[in-house]
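Peer 1: Supplied in structure tokens, the structure appears directly below.
The values are calculated or read from the model by the stated rules, or taken from the named source; none is laboratory data. Owing to the predicted nature of the structure, the values given are computational and were not obtained by experimental measurement. Note that each Cβ is placed from the backbone with ideal geometry, even for glycine, and that neighbours are counted across all protein chains shown.
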Amino acid sequence: MRRGPFTVSAVLAAALTVTGIAAGTAFADESAVAEFYSGKTVRFVVGTRVGSGGDTYARLIADHIGKHIPGNPNVIVENMPAAGGLVQANWMYNQADRDGTVVGLTRESIPFEPILLGDASKAEFKLDELIWLSSPNMFPNVAISWHTSDVKTVGDLLENELIVGGIGQTGSTNDAYVLRNLLGFKYRVINGYPGPSEIDLAVENGELEGRATAGWTGLSTRHADWLRDGKINILYQTGAVKYPRIPDDVPSLMDFAKTDEQRAILELKYGSNAVGFPFFFPPEVPQERVDAVRKAFEATYADPEFIKAAEAQHVDVFPVSHQEMEAVYKKAYESPQELRDKLAELSKPPAD
Amino acid sequence: MLEAALTALTMIADPFRLGVLAAGVVLGLVIGILPGIGGLAGTALLLPFTFSMDPYTAFAFLLGLGAVTATGDPIPAILFGVPGGAGSAATVLDGLPLARRGEAGRALSAAYSASLFGGLFGALMLAVSIPVFRPMMRFVQSPELLAFTVFGLSMVAVMAGKSPLRGLVAACIGLMLSMFGADPKTGTMRWTFDTLYLFEGLPLLPVVLGLFAVPELCDLAITRESISTKTKYNVRRGMVLGFADTVRNWWLVIRCGSIGGVLAAIPGIGGAIIDWIAYAHARATCRGAAETFGKGDIRGVIASESANNAKEGGALIPTIAFGVPGTATMALLLSAFLVHGLQPGPDMLGPNLSFTYGMIWSVAIANILGAGLCYAFSGQFAKLATLRYTLILPTVLSIIFIGAFEGSRSWGDVYTMLIFGVIGWTMKQLQWARPPLLLGFVLGDMFERYLFISIDRYGMDWMMRPLVIALFALAFFAFARAFWQDYRAHGGIRAIKAGLGKPNWEWSQLYSVLVLGAVAILLILASPWDFQAGLVPRITGGIALSLGALSLAGHIFYRPVGAGSAKMYYELVAQSGHLSGTTILLRAGVFFGWLLSFLVSMATAGIFVTIPLFVATYMRLEGKERWPLVIANALCLTLFVYFVFDRILHIPWPHTLLRDLLPQARVIPGV
């Protein structure tokens, strides 16, 4: 073995120097970031209404994250809910300041819009150019049936019809159609309700028998009595990853996929469940500020005061890292066109 | 039940809680003075502060705040004809004429005493009905909701006044406007003109401000006079008179209070039409109303305001009993419930019944405090009506621009308000009643949704349900009565025949032609839609076209014989009758020019440059006001808007041209 000009000690010394420089740059970065944010106001621009789930997370995090961002900026929340959040996502991409003072929070479904709608989508953003920061939670969904219904399990759902409510063509309506076409779940959709709480009311007064998609968070907070008093059967959960709060015996929808293709379609469709509340920067924000804000999110999740506040508001925090978010989006965006076409085909109302 | 109610009362009567409640009331009044969703944004901001309070105190505070945000609305409605919120639009009809006669003090004090008693009665109704409410709601499914909507729509017949046909046309157009945006069933984009703004339909607030506020301000600019040149009574006498009016009409207050409370409790009816329904009810039942309503009858003010305040209590019911929030503010309240470990649903009527009563008492006490405070100051407020138009107009205009922008916080809101401002002003000038348009617009969405849901779910069986039959019968009766009265007023078939004759051309008929043309264009645009998405729009459009054509033909070929219809015109009459047509058009043009320049300036340099600039130039150019006054007004208004909307409520202002050209300019707020 030929001995080169480097000795062990030389290597060590070099390594130390490199680390030193690295630490030095890190320090310099941090102070530059602190200098930038000091005295500034960071705006959390939320693509949903005041009082929505996303808005609750945004306001909760905004209350605590300021002290974890170098320079301790003031953090405020603004809402831009128009067109189901699409206006906000487009605005973040096209118009928001790119200096790290504007953080967006979009709906979990918006990043998937361009893939699922194709040319019909009004999205103007390029997903891979947005800079993902963090998501404080997943978006777990379940299917439920009212206790008086014949359908108590997924097995029953293959035999008996379940009347469920829908809000337009997306969301629960689309879920019911796809699952009916793909797996033979006998959903009958009554479509056109104004919102999920009106559907819940219709379930409670006997007009409907259940929901093909119900957000777990809303269900467990707004209708805790349904769970406690055994008013509903939980048929399955939709995500590939089981949600810690959902009872263990509730099966995952993925368990009912019989072929690889079915599984791939379900994963494409329900991928958005894995990233519940995506916080992001517009493109071109300097890397050191991105790093600092990502760290600040993590520090906030660990902050005892934040945890206490979240618990007081009955808000779950099971953070999703930016790497996990990117992986979910990458997988969806790399899905083959045939699979997307197939999903679009399955989304059509059943013929009968 | 009684025990729970008493326990709750003693809990709320605690001096500290009462103090917190009063603080909420004062805050709510301040926020509520501004049009728009100030109450919502305010509640969102204050919500976290209530998490550390005990539940009774927290809800005393939140409900105190929420219950009175609409209490301030009658002030601009009566004084300037500008509804302070969607719920006070009906108050304008009689409130403004009263103010013009110099009776603003009486009208305000009647509005507040009616508000107070109506609110109390609403709370009482709520307290009594709460145990039966959950079982009752089992019988209110989609078909019943549809029937309520149809019943609400039938009020159009009463509101259309002199011309039922035109009223129906306006209502159909309102229905069509409500169908802009993604269709609730198939997601078809209807009349969105490829804009994102119309995805979720036209927002209510800019439409209401455009239809009702802009035309009044325009007429103010045309007549160039104060709303009222005189005050008939001194402060105290106005207050006494108004209070006496309310007491004298106690039975009306109770009826309208019940209407407000009950309708608000039905999820989906929404606050924007409750005042109209109460007003229409009063118009149909009060003695001599046909002659005096709309010309400054105090009973019109009392009817609409007693219902308006009673609904605050009623709106709590769906939230408490089912977790279905009727409004965005209620949605926030719902999250506050959860934070305090309160579960909406059966528990609120069982183990937590005393909390429920605590909330009812809070609303009742907040009403007493809020309406009482406003009542106490009503005489002072009344003096505002005598201010010169050059002082009022720029100030109120600046505020309604922001109010409209609150609709969905985009430029589209401002355009919408301008477009509906022009429509509203033209309608007012040509005596097309605006209320039916609003009613159709507000109820259209629910009508279409629940029609399809009822058919999908129940086939045709739903039509045989008792409540559906009863409400449909009432609706039919309302229409039949209106047409019968109209027919009779025209003297029966023989007189109508005799009235037919040679065509009679007028310029105003051109407007009908324009309206019909617009409807036709909308119908053509609707032709490619799929069957379900297009069904209701096509039917309403078809009805609008045929009735519109009939009405136009009547206008051209028919002249009533004899006295003709003495029925009131269900609308404010423009006060510009003494001016020539050319002057009116010219001055209206100038007014809308001012609006446009406000818009352009806001797009170029932002709201905080525009407000002082606009106020100053308007006051100087239109009225030659003295500089100290101009500067004081411009500065105060700008600072007020800056602190409330920018610093406290964090409104995301749209980016301006200046910012794009000169990025450094962003240090200026609002740029």
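Peer 1: Identify all residues within the stretch A:64-83 that are more than 7 Å from every other protein chain (Cβ to nearest Cβ) and part of a helix (DSSP H, G or I); write none if there are none.
Peer 2: Answer for the stretch A:64-83, where residues must be more than 7 Å from every other protein chain (Cβ to nearest Cβ) and part of a helix (DSSP H, G or I): A:64, A:65, A:66, A:67, A:68.
Peer 1: Go through (1) within 14 Å of chain A (Cβ to nearest Cβ); (2) within 15 Å of residue B:250 (Cα to Cα) and name the single condition residue B:307 misses.
Peer 2: Against the list (1) within 14 Å of chain A (Cβ to nearest Cβ); (2) within 15 Å of residue B:250 (Cα to Cα), residue B:307 comes up short only on (1).
Peer 1: Please go through the stretch A:294-318 and give me each residue that is basic (Lys, Arg) and within 13 Å of chain B (Cβ to nearest Cβ), ordered by number.
Peer 2: Of the stretch A:294-318, the ones basic (Lys, Arg) are A:294-295, A:308.
The answer is A:308, and nothing else.
Peer 1: Just to confirm my filter: which helices (runs of 4 or more DSSP H) fall fully inside the stretch A:255-352 and include at least 1 residues that are within 25 Å of residue A:217 (Cβ to Cβ) and touching a residue at least 60 places away in the same chain (Cβ under 8 Å)?
Peer 2: A:260-270, A:287-302, A:304-312, A:322-333
Peer 1: Identify all residues within the stretch B:2-27 that are farther than 12 Å from residue B:57 by Cβ and in a loop (DSSP other than H, G, I, E, B); write none if there are none.
Peer 2: Once the filter is applied, which keeps residues that are farther than 12 Å from residue B:57 by Cβ and in a loop (DSSP other than H, G, I, E, B), the stretch B:2-27 yields only B:13.
Peer 1: Of the residues in the stretch B:331-376, how many are in a helix (DSSP H, G or I), within 14 Å of another protein chain (Cβ to nearest Cβ) and over 25 Å from the mean Cα position of the chain (by Cα)?
Peer 2: The number of residues fulfilling the criteria is 9.
Peer 1: Which residue, of B:187, B:167, B:201, B:152, is within 13 Å of residue B:436 (Cβ to Cβ), touching a Gly at 6+ places or on another chain (Cβ under 9 Å) and either within 14 Å of chain A (Cβ to nearest Cβ) or among the small types (Gly, Ala, Ser) (or both)?
Peer 2: Testing whether each residue is within 13 Å of residue B:436 (Cβ to Cβ), touching a Gly at 6+ places or on another chain (Cβ under 9 Å) and either within 14 Å of chain A (Cβ to nearest Cβ) or among the small types (Gly, Ala, Ser) (or both) leaves just B:167.
Peer 1: Which one is farthest from the other protein chains (Cβ to nearest Cβ) among residues in the stretch A:34-44 that are surrounded by fewer than 22 Cβ atoms within 10 Å (Cβ to Cβ) and of a type outside the set (S, T, N, Q)?
Peer 2: A:34
Peer 1: Within the stretch A:140-165, track down each residue that is of a type in the set (Gly, Ala, Ser), more than 23 Å from residue A:263 (Cβ to Cβ) and either without any contact (Cβ under 8 Å) to a residue 24 or more places away in the chain or not in a strand (DSSP E or B) (or both).
Peer 2: Passing the criteria: only A:149.
Peer 1: Something else: Out of all the residues in the stretch A:291-307, is one or more within 29 Å of residue B:334 (Cβ to Cβ) and of a type in the set (A, V, I, L, M)?
Peer 2: Yes, because at least one residue in the stretch A:291-307 is within 29 Å of residue B:334 (Cβ to Cβ) and of a type in the set (A, V, I, L, M).
Peer 1: Continuing with the same structure: Can you say whether residue B:422 is crowded, with 22+ Cβ neighbours inside 10 Å, touching a helix residue (DSSP H, G or I) at 6+ places or on another chain (Cβ under 8 Å) and of a type in the set (A, V, I, L, M), as far as the supplied structure shows?
Peer 2: no
Peer 1: Follow-up. Looking at the structure I just gave you, is residue A:234 away from chain B (no Cβ under 14 Å) and part of a helix (DSSP H, G or I)?
Peer 2: Taking the combined requirement at face value, the residue does not satisfy it.
Peer 1: Still on this structure, please answer the following. What are the residues in the stretch B:317-330 that are hydroxyl-bearing (Ser, Thr, Tyr) and either at pLDDT 85 or above or part of a helix (DSSP H, G or I) (or both), if any? Give the steps one after another, and end with the answer.
Peer 2: Applying the first criterion (hydroxyl-bearing (Ser, Thr, Tyr)) to the stretch B:317-330 yields B:319, B:327, B:329.
Selection gives B:319, B:329.
Peer 1: OK, next. Which residue, of B:170, B:123, B:127, B:104, is aliphatic (A, V, I, L, M), under 25 Å from residue B:284 (Cβ atoms) and in contact (Cβ under 8 Å) with a residue 24 or more places away in the chain?
Peer 2: B:170
Peer 1: If you take the residues of the stretch B:425-465 that are within 12 Å of another protein chain (Cβ to nearest Cβ) and of a type in the set (Phe, Trp, Tyr), which of them is nearest to residue B:211 (Cα to Cα)?
Peer 2: B:447
Peer 1: Could you look through the stretch A:52-63, keep only residues that are more than 26 Å from residue B:195 (Cα to Cα) and under 16 Å from the mean Cα position of the chain (by Cα), and pick out the one that is nearest to the other protein chains (Cβ to nearest Cβ)?
Peer 2: A:56
Peer 1: Based on what the data block shows, is residue A:96 at pLDDT 80 or above, among the small types (Gly, Ala, Ser), out of contact with any helix residue (DSSP H, G or I) (no Cβ under 7 Å at 6 or more places or on another chain) and assigned to a loop (DSSP other than H, G, I, E, B)?
Peer 2: Working: at pLDDT 80 or above: yes; among the small types (Gly, Ala, Ser): yes; out of contact with any helix residue (DSSP H, G or I) (no Cβ under 7 Å at 6 or more places or on another chain): yes; assigned to a loop (DSSP other than H, G, I, E, B): yes.
It is true that residue A:96 is at pLDDT 80 or above, among the small types (Gly, Ala, Ser), out of contact with any helix residue (DSSP H, G or I) (no Cβ under 7 Å at 6 or more places or on another chain) and assigned to a loop (DSSP other than H, G, I, E, B).
Peer 1: Count, please, the residues in the stretch A:173-219 that happen to be touching a Phe, Trp or Tyr at 6+ places or on another chain (Cβ under 9 Å), within 14 Å of chain B (Cβ to nearest Cβ) and in a helix (DSSP H, G or I).
Peer 2: Within the stretch A:173-219, residues that are touching a Phe, Trp or Tyr at 6+ places or on another chain (Cβ under 9 Å), within 14 Å of chain B (Cβ to nearest Cβ) and in a helix (DSSP H, G or I) number 11.
Peer 1: Any chance the stretch B:645-668 includes a residue that's outside any loop (DSSP other than H, G, I, E, B), touching a Lys or Arg at 6+ places or on another chain (Cβ under 6 Å) and surrounded by fewer than 19 Cβ atoms within 10 Å (Cβ to Cβ)?
Peer 2: yes
Peer 1: Would you mind finding the one in B:276, B:191 that is touching a Phe, Trp or Tyr at 6+ places or on another chain (Cβ under 7 Å) and among the aromatic types (Phe, Trp, Tyr)?
Peer 2: That would be B:191, the only listed residue that is touching a Phe, Trp or Tyr at 6+ places or on another chain (Cβ under 7 Å) and among the aromatic types (Phe, Trp, Tyr).
Peer 1: If you don't mind, there's one more thing I want to ask. What are the pairs, 6+ residues apart or on separate chains, where a residue within the stretch B:427-440 that is on the phi > 0 side of the Ramachandran plot and in a loop (DSSP other than H, G, I, E, B) has its Cβ under 7 Å from a residue that is at pLDDT below 85 and not charged (D, E, K, R)?
Peer 2: Sorted first by the residue in the stretch B:427-440, then by its partner, the pairs are B:431/B:569.
Peer 1: If you don't mind, another one. Being free of Cβ contacts under 8 Å to residues at least 60 places away in the same chain and of a type in the set (D, E, K, R) is the filter here, so list the residues in the stretch B:477-530 that pass it.
Peer 2: Passing the criteria: B:488, B:494, B:497, B:502, B:506.
Peer 1: Here's something else I'd like to know. Just to be sure I understand, how many residues within the stretch A:32-63 are small (Gly, Ala, Ser) and not in a helix (DSSP H, G or I)?
Peer 2: Within the stretch A:32-63, residues that are small (Gly, Ala, Ser) and not in a helix (DSSP H, G or I) number 5.
Peer 1: Can you tell me which of (1) out of contact with any helix residue (DSSP H, G or I) (no Cβ under 7 Å at 6 or more places or on another chain); (2) facing chain B (nearest Cβ under 9 Å); (3) not in a loop (DSSP other than H, G, I, E, B) is the one residue A:168 doesn't meet?
Peer 2: (3)
Peer 1: Something else now. Give the residue, chosen from B:283, B:299, that is surrounded by 23 or more Cβ atoms within 10 Å (Cβ to Cβ), basic (Lys, Arg) and at pLDDT 90 or above.
Peer 2: Result of the check over B:283, B:299: B:299.
Peer 1: Where residues in the stretch A:180-197 are crowded, with 21+ Cβ neighbours inside 10 Å and free of Cβ contacts under 8 Å to residues at least 60 places away in the same chain, which of them is farthest from residue B:135 (Cα to Cα)?
Peer 2: Per the criteria, the residue is A:185.
Peer 1: With the stretch B:228-316 as the region, which helices (runs of 4 or more DSSP H) entirely inside it contain at least 3 residues that are of a type in the set (Val, Ile, Thr) and in contact (Cβ under 8 Å) with a residue 40 or more places away in the chain?
Peer 2: B:235-248, B:250-265, B:298-314
Peer 1: A further question follows. Tally up the residues in the stretch A:313-352 that are of a type in the set (Gly, Ala, Ser), at pLDDT below 95 and under 19 Å from the mean Cα position of the chain (by Cα), please.
Peer 2: Within the stretch A:313-352, residues that are of a type in the set (Gly, Ala, Ser), at pLDDT below 95 and under 19 Å from the mean Cα position of the chain (by Cα) number 3.
Peer 1: Tally time: how many residues in the stretch A:85-109 are more than 7 Å from chain B (Cβ to nearest Cβ) and within 30 Å of residue A:269 (Cα to Cα)?
Peer 2: Of the residues in that region, 17 qualify.
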